[in-house]
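The values are calculated or read from the model by the stated rules, or taken from the named source; none is laboratory data. Keep in mind that this is a model prediction, so the values were computed, not measured. Note that each Cβ is placed from the backbone with ideal geometry, even for glycine, and that neighbours are counted across all protein chains shown.
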Amino acid sequence: MIAPLQPGSDDPRLILREEELDGGLELILLAEASLWAAVDAALESEGLGRSHWRATFLLRRRPGIGVQDLSRLTSLSKQAASRTLADLEKAGLVERLSGDLDGRRRPASLTPEGMAFEQRTAERLRALLARAYRTGGLDGVAGARRILAALAGPRQGVGAARRTVS
């Protein structure tokens, strides 16, 4: 079976068969497992979980997001996103303030301790990603980013603007 081309496809000659798509899915699952193994190793000593690191990473990149945006970005339920932010606040890694217009909306930001926690964990992932990007070469990096952005879809626009400089 051939996957239909999307309108506006860059290369109309690109034909993807089920086996090629399944191979891509398998690689995505294996890559995800590798990345999470690195996160888990870093989190083991912190007493926190994956959702906590994802939240701190997104808060570093998108300061001021709240429960609703975190839920949309991560596919956590609103209750799980709220619990994650509450855990981080209790641990002193996140500050939450009342919203300007709506007191129920409480934008979150990282404390200096939260920033340090996120950085310690992300270092491992950056090393893995840098090694993978070097393997792919300059053209591979741009191609991989385009593919990942297409997979991320509209989630990229959720919440505050992304920070491009750390």
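So, ALA37, is that one free of Cβ contacts under 8 Å to residues at least 40 places away in the same chain and exposed (fewer than 14 other Cβ atoms within 10 Å of the Cβ) or not? When the stated conditions are applied, ALA37 passes them.
To keep it simple, each residue is scored yes or no on (1) within 26 Å of PRO154 (Cβ to Cβ); (2) touching a His at 6+ places or on another chain (Cβ under 9 Å); (3) surrounded by 16 or more Cβ atoms within 10 Å (Cβ to Cβ).
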| site | (1), (2), (3) |
| --- | --- |
| THR56 | yes, no, yes |
| SER75 | yes, no, no |
| GLU89 | no, no, yes |
| MET115 | no, no, yes |
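Only one of the listed residues (ALA144, ALA122) is free of Cβ contacts under 8 Å to residues at least 40 places away in the same chain and of a type in the set (A, V, I, L, M, F, W, C). That residue is ALA144.
Taken across the stretch 136-157, residues that are assigned to a helix (DSSP H, G or I), within 15 Å of LEU59 (Cα to Cα), modelled with pLDDT under 90 and among the charged types (D, E, K, R) do occur, with at least one present.
What tally of residues in the stretch 37-88 results from selecting those that are assigned to a loop (DSSP other than H, G, I, E, B), at pLDDT below 95 and hydroxyl-bearing (Ser, Thr, Tyr)? Number satisfying all stated conditions: 2.
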